[in-house]
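Report on the structure given below.
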Amino acid sequence: MATWFPIGQQKKVKTFGKHFSVKLTGILNYETGAVYVQESLHFDAEVFRTFLKKVLVLYPEGTIVMILDNSRVHHAILLESFLASNPRLRLMFLPPYSPELNKIEGLWKWLKETCINNVFFSKYYQITLAVRRFVDEVNTQPQQVIDRLCL
């Protein structure tokens, strides 16, 4: 997101001086518009495996096809036995450097535009709360999610 200001009238965005981040992993059901987002302090193969377990619980029947980027975490050796024991879960990988093909990237962009960009959060947990509110809100509007991200 870019903004323009008259010379000498730039908007100042406060920070609290610490870089803190929460990693988000998410799925978007393009048929129903349902969104599920998991938060973690870091992202590695174990976190991703835990996420996949939750996906299997959320969708207890049928084949689940997940479209993923080529992050090393998504190809981790740790996942091989888990995926072999869960044949309902199929991972499909996008070509390198093609985030525009990944629908979940549109959700992350929407989230940033709506509640993160150019906003001062005095406490890091307020960011997490804003993200949760956003996810709760989009889950009340599945048709808007489909129209915006899936068509």
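Brief remarks follow.
- No other residue among Phe134, Phe120 is in contact with a Lys or Arg (Cβ under 8 Å, 6 or more places away or on another chain), within 27 Å of Lys11 (Cα to Cα) and not acidic (Asp, Glu) apart from Phe120.
- Options Lys103, Lys123: the member that is more than 17 Å from Lys54 (Cβ to Cβ), more than 17 Å from the chain's Cα centre (by Cα) and at pLDDT below 95: Lys123
- Residue ID - nearest to Val35 (Cα to Cα), chosen from residues in segment 70-122 that are small (Gly, Ala, Ser) and touching a residue at least 40 places away in the same chain (Cβ under 8 Å): Gly106
- Among the residues of segment 119-148, those identified as among the aromatic types (Phe, Trp, Tyr) and surrounded by 12 or more Cβ atoms within 10 Å (Cβ to Cβ) are Phe121, Tyr124, Phe134.
The values are calculated or read from the model by the stated rules, or taken from the named source; none is laboratory data. No experiment lies behind these values; they were computed from the predicted model shown. Virtual Cβ from ideal backbone geometry, glycine too; neighbours counted across all protein chains shown.
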